[in-house]
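One structure is given below, encoded as C-alpha cells.
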Amino acid sequence: MISFPDDFLWGAATASYQIEGAVDEDGRVPSIWDTFSHTPGKVAGGQTGDVACDHYHRYADDVELMAWLGLRAYRFSVAWPRLADLSFYDRLVDALLAKGITPVATLYHWDLPQSLQDEGGWTNRDTAYRFADYATAVHERLGDRVATWTTLNEPWVSAFVGHGSGRHAPGVTDPAAAFTAAHHLMLAHGLGVQALRAAGAQSVSLTLNLSPALGEPGPAQLIDGLANRLFLDPVLRGEYPPDVLEHISRFTDVKLDDLPTIAQPIDVLGVNYYSVNRVLADPGSPGNPEFPGSEGIAWATPHGELTEMGWEVNPSGLEDLLLRLTRDYPGVPLMITENGVAYPDAVADPDRIAFLDAHFRAARAAMDKGADLRGYFVWSLMDNFEWARGYDMRFGVIRVDYETLERTPRDSARWYRDVIARGGLEG
C-alpha cells in the first residue's frame, strides 16, 4: 500500500468556459473566449463553448457524480462575465457543501470580459485593479462558504499563448504585449490577494503551470526563466531573476515598484503539471513565439509515449518539479491543482489509469523526500471544451457525449474512486 495522509485533499478540477455553457443567460456578458471561438479559423472544427457540457443547468447531477467519486474537494472557476448575477455559484457551492465536498474557487481561468479587452485587456494596467474589485465582489457573495481562493490560473498561458503566439484568446501576436500582460497579471494577483485578505479570506493561492526545462544548459535556462521563474520569483521572492529581467528589457520595461504588491504572501502554491520542455541550441531555429526571444532554440523530440495533445508522458518530471520547488522556495505548501491526460475517446481507458497511477506515485515519492504536498486535483472531472482544440481532446475521467450530454464514468473514474476510498495506491 502506498498511502497518502488522512487529510490529503483528493479532488478534480474544471473551468467555467470549458463546461458551463449558458453563455447568454442571467446577465452574463461576452468574454474574450466567446469572441475568439466565434472567429473563423481560431478553434478546431469551428467549435465554441456556447453549450459546452451544459454544467450551468446540470450542475446538480454533476455534483452527484463528484459525491459518487468520493471527491474531498472540487476546484472550479468563477466566470468574471457572470459578475452581474452570481446565483449559479451560490447554488453550486451549496450543493457541494451538502455532499461534504470542499469548494475551491479560482477567480480567473482565462475568460476576461470582452468589454475589458476592448480597453486593452491585460496590456492595460487598469485591468489589474478591476480584477481586485472583482475579487472583492465574489468573496462578498461566496466567502461565507468558500475558504480557499485562487487568484489566477496559469498566467503564462494568458500572457504568452494569448499574446505571443495568439493561439488562445485574445489572439494577439506581440512579444512586448505578452511581457506586459504577464506583469499586469502578476500585479492583478498581488492586488487580488490584498483584496481577499481584506475581505477575510482564510486561504489564498496562485496556480502556475510549471514545466521542467531539460536539455542544453543555455537554452534550458532561458526556457526555464520564461516558463517558470518569470512567475515564481516575483511572487515568492519579490524580484525578477536578473537574467529574465535582462531578457524582458529586449522587448519592454516593467514597473519594478510593483514587486512588493506582487509578492503578497500566499498560503499555498497551486501546481499544474502536464509535461516537460526539451530544448537544444539550433542557430537556424526561428524559436517559439510563446517564448519570445527564443530564436536559436529548438524543441527536441519528446521521449517515449505521447498523449493525444502530443505531450511527453514524464511522471519523473513531476517529482523533480515538486522537489525543486521545495528546495528553491522553502516554506510554501504545494497543491497539484491540475494533472491529467487526453487519450482517444473510450470508456475503458487503461492508459489514463496508468498515467494517473504513475504521477500519483511520483508525487508520493516527492513527499517522502520532503515536499509539503497537501492535495491533488485531477484534470479533468469531465470531458470539456479544450480551448483552441475544441472538443476533440478528452481529458475527463467522466465521458461526455456531446450529442446528448450524457455523462458516463470511465474506468479511470472507478479507479480514482477506489484510490480515494483506500487513501492511496496498491503497492
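The values are calculated or read from the model by the stated rules, or taken from the named source; none is laboratory data. Just so we're clear, the structure is a prediction, and the values are computed from it rather than from any experiment. Here the Cβ is made from the backbone with ideal geometry for all residues, glycine too, and neighbour counts use every protein chain on show.
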(request) Filter the stretch 183-213 down to residues that are β-branched (Val, Ile, Thr) and either part of a helix (DSSP H, G or I) or out of contact with any helix residue (DSSP H, G or I) (no Cβ under 8 Å at 6 or more places or on another chain) (or both) and give me whichever is nearest to PHE377 (Cα to Cα). (result) THR207
(message) Quick check on the stretch 170-188. Is at least one of its residues under 21 Å from ASN339 (Cβ atoms), of a type in the set (A, V, I, L, M, F, W, C) and surrounded by fewer than 24 Cβ atoms within 10 Å (Cβ to Cβ)?
(response) no
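Is there a residue being crowded, with 22+ Cβ neighbours inside 10 Å, in contact (Cβ under 8 Å) with a residue 24 or more places away in the chain and under 18 Å from LEU405 (Cβ atoms) anywhere in the stretch 44-52?
Yes, because at least one residue in the stretch 44-52 is crowded, with 22+ Cβ neighbours inside 10 Å, in contact (Cβ under 8 Å) with a residue 24 or more places away in the chain and under 18 Å from LEU405 (Cβ atoms).
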(message) I'd like to verify a number: residues in the stretch 68-87 that are among the aliphatic types (A, V, I, L, M), more than 25 Å from ASP267 (Cα to Cα) and either surrounded by fewer than 21 Cβ atoms within 10 Å (Cβ to Cβ) or modelled with pLDDT under 95 (or both), how many?
(response) 3
(request) Identify the single condition in (1) crowded, with 19+ Cβ neighbours inside 10 Å; (2) without any contact (Cβ under 8 Å) to a residue 60 or more places away in the chain; (3) closer than 25 Å to ALA178 by Cα that GLU319 does not satisfy, given that it satisfies every other one. (result) (3)
(message) Anything in the stretch 88-109 that is surrounded by fewer than 22 Cβ atoms within 10 Å (Cβ to Cβ) and among the small types (Gly, Ala, Ser)? List them, or say none.
(response) ALA95, ALA98, GLY100
(message) Looking only at residues that are part of a loop (DSSP other than H, G, I, E, B) and within 20 Å of the chain's Cα centre (by Cα) in the stretch 110-127, which one is surrounded by the fewest Cβ atoms within 10 Å (Cβ to Cβ)?
(response) LEU112
(message) charged (D, E, K, R), assigned to a helix (DSSP H, G or I) and either in contact with a Gly (Cβ under 6 Å, 6 or more places away or on another chain) or in contact (Cβ under 8 Å) with a residue 12 or more places away in the chain (or both): which single residue out of ASP418, ASP357, ASP392, ASP351 fits that description?
(response) ASP357
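For GLU308, are the conditions met, namely being more than 17 Å from the chain's Cα centre (by Cα), part of a loop (DSSP other than H, G, I, E, B) and either within 28 Å of ALA176 (Cα to Cα) or small (Gly, Ala, Ser) (or both)?
The answer is no for GLU308.
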(message) Go through the stretch 364-392 and report how many residues are under 28 Å from ALA67 (Cβ atoms), of a type in the set (A, V, I, L, M) and over 16 Å from the mean Cα position of the chain (by Cα).
(response) 2
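Please enumerate the residues belonging to the stretch 403-415 that are without any contact (Cβ under 8 Å) to a residue 60 or more places away in the chain, part of a loop (DSSP other than H, G, I, E, B) and not acidic (Asp, Glu).
THR404 - this is the single residue of the stretch 403-415 that is without any contact (Cβ under 8 Å) to a residue 60 or more places away in the chain, part of a loop (DSSP other than H, G, I, E, B) and not acidic (Asp, Glu).
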(request) Please indicate, with yes or no, whether at least one residue in the stretch 367-384 is touching a Ser or Thr at 6+ places or on another chain (Cβ under 6 Å) and more than 27 Å from HIS57 (Cβ to Cβ). (result) yes
(request) Report whether or not GLN221 is touching a residue at least 40 places away in the same chain (Cβ under 8 Å) and either within 29 Å of PRO302 (Cβ to Cβ) or polar (S, T, N, Q) (or both). (result) no
